[in-house]
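> Let me give you the structure first, and then I'll get to my questions.
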Amino acid sequence: MIRIGILGATGYTALELIKLLLRHPEARITALTSRQQGEPHVASVHPALTGRLDLRLRDLNAEQVAAECDCVFSCLPHGASAQVVKPLVDAGVRVVDFSADYRLKDIAVYRQWYEETHCDAARLGHVPYGLPELFAEQIAPASLVANPGCYPTSAILAMWPLLKNGLVESSGIIFDSKSGVSGAGRTPKLSTHFPECNESFSAYNVGRHRHNPEIDQVLGTAAGQPIETIFTPHLVPMNRGILTTAYGQPTDQVSEPQLMDALRAAYADQTFVQVVDHLPATKDVSGTNFCQLTARLVRGRVIVISCIDNLVKGASGAAVQNFNWMYGFPETTALL
């Protein structure tokens with residue numbers, strides 16, 4: 001039985017993670033951390049867990065967490081996460097990090113987009129990116145895994161096979177993405193206040209969203225050269241889900257069946273990626289760890305539509321999938 005700690009256990013992704021781990025036959029949650037005043041019971045923070053988990057949230061340091069846990073999921077924000085993850089990994093604890101602190105390989109790129117120094121910069125470039133569909137071999141032996149961002153998951157899975165097979169140009173790729181409000185986290189803010197976002201649909205962080213360099217970095221690996229994509233996120237007044245529409249220029253004459261065949265071949269052995277003939281919708285994957293993909297060829301342009309649940313495949317489900325690879329459990333454990 002693997003003893004599990006969850007850092008920053010008050011948010012939406014932490015709640016999803018706890019619910020998944022409670023179904024995992026080889027996981028036992030032993031520590032939940034938070035900086036909230038006092039030591040609130042987890043059910044008072046997440047009423048959905050009433051009667052399901054008898055633990056209190058505590059403000060623990062890395063040494064205390066390491067003494068109580070074999071594996072830790074860090075749901076802390078960037079900057080704060082690395083400060084705790086570094087001593088945990090140094091102490092022999094395995095970690096799945098939800099933040100952006102270990103996703104980018106280049107410290108200069110991290111500083112440019114996150115505008116701060118990194119307390120564990122020596123590890124950058126040596127931490128596997130937590131998309132098992134692409135990097136399972138690196139994830140399995142790892143002591144630290146960088147869980148992907150939700151938007152990048154939807155974008156990368158859409159375009160990776162087409163770039164890898166040379167079916168689309170590496171320049172001029174556009175990702176038009178829409179996300180439910182839970183993607184902004186649980187902390188109240190004006191833009192996600194109900195009267196502000198309800199019955200409204202808006203773009204945000206155009207040209208400066210921090211997930212863009214993450215998308216470029218991973219898809220550059222598929223293309224075999226550096227690429228720069230255009231990524232535009234939008235806020236949709238729904239609770240959860242991401243729909244990404246990816247646009248690319250074909251490298252040569254290509255048919256729609258060829259595009260679909262490339263996607264099917266790439267993910268034929270991947271349980272959690274479904275290549276479908278219909279146009280997927282967020283409701284089709286809500287509450288699941290599945291990504292649904294389909295491709296179209298319209299007026300000489302390649303279009304790939306990708307749908308995930310931002311809290312599951314975009315965060316906590318992917319983390320449990322990584323955990324399963326790290327410990328040799330069947331990949332689908334607690335996820336189906």
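> Which of THR221, PHE231, GLY185 sits farthest toward the positive end of the charge dipole of region 146-247, with +1 on the Cβ of Lys and Arg and -1 on the Cβ of Asp and Glu?
Projecting each Cα onto the dipole axis, the largest value belongs to GLY185.
> By the gyration tensor of its Cα atoms, with a ≥ b ≥ c the square roots of the eigenvalues, what is the shape of region 79-160: rounded for a/c under 1.5, prolate for a/b over b/c, or oblate?
Oblate, because a/c is 1.5 or more while a/b does not exceed b/c.
> Right, another one. What is the percent carbon and sulfur in the accessible area of the chain, measuring with a 1.4 Å probe over the protein chains and ignoring ligands?
Its accessible area is 49 percent carbon and sulfur atoms.
> Further, regarding this structure: For a Förster distance of 22 Å, can you work out the FRET efficiency between the beta-carbons of GLU116 and LYS189, rounded to the nearest 0.05?
0.65
> Counting DSSP beta bridges with both partners in the chain, what percentage is antiparallel, nearest 5?
Once the DSSP bridges in the chain are tallied, antiparallel ones form about 45 percent.
> While we're looking at this one, here's another question. Does the chain come out rounded, prolate or oblate by the C-alpha gyration tensor, with a ≥ b ≥ c the root eigenvalues, rounded set by a/c under 1.5 and, if not, prolate when a/b is larger than b/c and oblate if not?
prolate
> Another question about this same structure. Quick check: net charge around ASP59, other residues with Cβ under 12 Å of its Cβ, Lys/Arg +1 and Asp/Glu -1?
+2
> Right, next: Quick one: dipole size for the chain, taken about the Cα centre, charges +1 on Lys/Arg Cβ and -1 on Asp/Glu Cβ, in debye to the nearest 20.
The dipole magnitude comes to about 520 debye.
> While we're looking at this one, here's another question. Along Cα→Cβ, 7 Å out, is where each label goes; now give me the distance between the ones at ASN198 and SER143 in nm to one decimal.
5.0 nm
> Given a 1.4 Å probe, how much area per residue of the chain is accessible, in Å²?
Roughly 43 Å² per residue, with all protein chains present.
> Just add up the charged neighbours of GLY38: K/R +1, D/E -1, any other residue whose Cβ is under 12 Å from the Cβ of GLY38.
+1
> Also, quick follow-up: Taking R0 as 41 Å, what's the FRET efficiency between ARG208 and THR30 from their Cβ-Cβ distance, rounded to 0.05?
That pair, ARG208 with THR30, gives E of 0.55.
> Out of residues 5 or more away from VAL95 or on other chains, whose amide H comes under 5 Å of its own, with H placed 1.01 Å from N in the peptide plane?
Answer set, sorted by chain and number: VAL72, LEU144, VAL145.
> Let me ask you something else. Stretched out fully, how many nm does the piece from THR251 to GLU39 gain, at 0.36 nm a residue minus the Cα gap?
That works out to 70.5 nm of additional length.
> At 222 nm, what value in deg cm²/dmol follows for the chain if DSSP H runs of at least 4 each add -39500 (n - 2.57) and the sum is divided by all its residues, to the nearest 500?
Rounded to the nearest 500, it is -8500 deg cm²/dmol.
> Going through the cross-link list LYS105/LYS313; LYS105/LYS164; LYS86/LYS283, which pairs have a Cα-Cα distance over 28 Å in this structure?
Too far apart for the 28 Å limit: LYS86/LYS283.
> Same structure, new question: May I ask for the net charge around GLY183, where only other residues with Cβ less than 14 Å from the Cβ of GLY183 are counted and Lys, Arg are +1 while Asp, Glu are -1?
With Lys, Arg at +1 and Asp, Glu at -1, the neighbours total +4.
> Under a plain spin-label model, where a point goes 7 Å from the Cα along Cα-to-Cβ, how far apart in nm are ARG296 and ASN61?
With each label point 7 Å from Cα toward Cβ, the separation is 5.8 nm.
> Check cross-link reach from LYS178 to the aspartates and glutamates: straight Cα distance under 14 Å, and skip same-chain residues fewer than eight apart.
Straight-distance partners of LYS178: ASP309.
> Among ALA82, GLN36, THR50, which residue has its Cα furthest toward the positive end of the charge dipole of region 1-85, with +1 on Lys/Arg Cβ and -1 on Asp/Glu Cβ?
Of the options given, the answer is THR50.
> Right, here's the next one. Assign one of three labels to region 20-74, namely rounded, prolate or oblate, based on the Cα gyration tensor with a ≥ b ≥ c the square roots of its eigenvalues; rounded applies when a/c is under 1.5, prolate when it is not and a/b is larger than b/c, and oblate otherwise.
oblate
The values are calculated or read from the model by the stated rules, or taken from the named source; none is laboratory data. Bear in mind that the values here come from a model prediction, so they are computed numbers and not experimental data. Here the Cβ is made from the backbone with ideal geometry for all residues, glycine too, and neighbour counts use every protein chain on show. Quick note on the areas: whole protein, heavy atoms, side chains included, nothing else; ligands and nucleic acids left out. Shrake-Rupley method; radii C 1.70, N 1.55, O 1.52, S 1.80 Å.
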